[in-house]
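Peer 1: First the structure, which I've put down as structure tokens, then a few questions once you've had a look.
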């Protein structure tokens, strides 16, 4: 009789484990996690292509754009623009790729938000209020992705993590 009870308990335990594993797989692909993944994918592609398009077009056109954009922003030293123009496209490409893949997500969201902080400061110093307002949308998306990191199940971090 004791062997029978043991077998029944093992069967129940095994069934319970398989139900829990099934629930975890189902939760991974919940509507919330799918929506989060889609937002992260779209946002990552957007950020990555900002940088990649600037890299592929070459430094000179982007630097010319920056010099024109900041010509009336006297608080920004002109000597900073070439360095900024060289670093920003690579930062956007790398951060965007990390966001797109969902790899090192916490780092990518914080790094991206810090890049946005620099851009917001520059845009405000250039007194481009329309763009400054649009940049707040990007800031909010970084906030949302970081604050809801537990929904990042469909990602490289979720796969390896």
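Peer 1: Given the condition buried (at least 19 other Cβ atoms within 10 Å of the Cβ) and under 24 Å from the mean Cα position of the chain (by Cα), answer yes or no: does some residue in the stretch 118-128 qualify? Don't jump to the end; show me each part of the working.
Peer 2: Step one: of the stretch 118-128, the residues buried (at least 19 other Cβ atoms within 10 Å of the Cβ) are 122-123.
Keeping just the survivors that are under 24 Å from the mean Cα position of the chain (by Cα) gives 122-123.
Checking the stretch 118-128: at least one residue is buried (at least 19 other Cβ atoms within 10 Å of the Cβ) and under 24 Å from the mean Cα position of the chain (by Cα).
Peer 1: Condition test on residue 45, is it within 21 Å of residue 136 (Cα to Cα), modelled with pLDDT under 95 and either surrounded by 10 or more Cβ atoms within 10 Å (Cβ to Cβ) or out of contact with any strand residue (DSSP E or B) (no Cβ under 7 Å at 6 or more places or on another chain) (or both)? Can you show your working first?
Peer 2: Values: within 21 Å of residue 136 (Cα to Cα): yes; modelled with pLDDT under 95: no; either surrounded by 10 or more Cβ atoms within 10 Å (Cβ to Cβ) or out of contact with any strand residue (DSSP E or B) (no Cβ under 7 Å at 6 or more places or on another chain) (or both): yes.
No, not satisfied.
Peer 1: Take the residues of the stretch 65-79 that are in contact with a helix residue (DSSP H, G or I) (Cβ under 9 Å, 6 or more places away or on another chain) and either free of Cβ contacts under 8 Å to residues at least 40 places away in the same chain or more than 17 Å from residue 120 (Cβ to Cβ) (or both): which is surrounded by the most Cβ atoms within 10 Å (Cβ to Cβ)? Give the derivation first.
Peer 2: As a first pass, look at the stretch 65-79 and keep what is in contact with a helix residue (DSSP H, G or I) (Cβ under 9 Å, 6 or more places away or on another chain): 65-67, 69-70, 73-76, 78.
Narrowing further to those that are either free of Cβ contacts under 8 Å to residues at least 40 places away in the same chain or more than 17 Å from residue 120 (Cβ to Cβ) (or both): 65-67, 74, 78.
Values: 65: 14, 66: 20, 67: 13, 74: 9, 78: 12.
Filtering first and then ranking leaves 66.
Peer 1: So, in the stretch 85-94, how many residues would count as being crowded, with 18+ Cβ neighbours inside 10 Å and farther than 28 Å from residue 159 by Cβ?
Peer 2: Of the residues in the stretch 85-94, 3 are crowded, with 18+ Cβ neighbours inside 10 Å and farther than 28 Å from residue 159 by Cβ.
Peer 1: Does the stretch 127-161 hold any residues that are at pLDDT 95 or above and in a loop (DSSP other than H, G, I, E, B), and which are they?
Peer 2: Hits for the stretch 127-161 are 127, 128, 148, 152, 153, 154, 155.
Okay, residues lined up against (1) over 20 Å from residue 157 (Cβ atoms); (2) out of contact with any helix residue (DSSP H, G or I) (no Cβ under 6 Å at 6 or more places or on another chain); (3) without any contact (Cβ under 8 Å) to a residue 40 or more places away in the chain:
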position	(1), (2), (3)
45	no, no, no
53	yes, yes, yes
81	yes, no, yes
102	no, no, no
120	yes, no, yes
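Peer 1: Also: Within the stretch 26-42, track down each residue that is assigned to a helix (DSSP H, G or I) and exposed (fewer than 15 other Cβ atoms within 10 Å of the Cβ). Give the derivation first.
Peer 2: Step one: of the stretch 26-42, the residues assigned to a helix (DSSP H, G or I) are 26-28, 31-42.
Residues satisfying the conditions are 26, 27, 28, 31, 32, 34, 35, 38, 42.
Peer 1: Continuing with the same structure: Taking residue 97, is it touching a helix residue (DSSP H, G or I) at 6+ places or on another chain (Cβ under 7 Å), surrounded by fewer than 18 Cβ atoms within 10 Å (Cβ to Cβ), closer than 15 Å to residue 52 by Cβ and in contact (Cβ under 8 Å) with a residue 24 or more places away in the chain? Before you say what the answer is, go through the steps one by one.
Peer 2: Numbers: touching a helix residue (DSSP H, G or I) at 6+ places or on another chain (Cβ under 7 Å): yes; surrounded by fewer than 18 Cβ atoms within 10 Å (Cβ to Cβ): yes; closer than 15 Å to residue 52 by Cβ: yes; in contact (Cβ under 8 Å) with a residue 24 or more places away in the chain: yes.
Taking the combined requirement at face value, the residue satisfies it.
The values are calculated or read from the model by the stated rules, or taken from the named source; none is laboratory data. Treat the numbers as computed from the prediction; the structure is a model and nothing was measured. Every residue, glycine among them, receives a Cβ derived from its backbone with ideal geometry; neighbour counts consider all protein chains shown.
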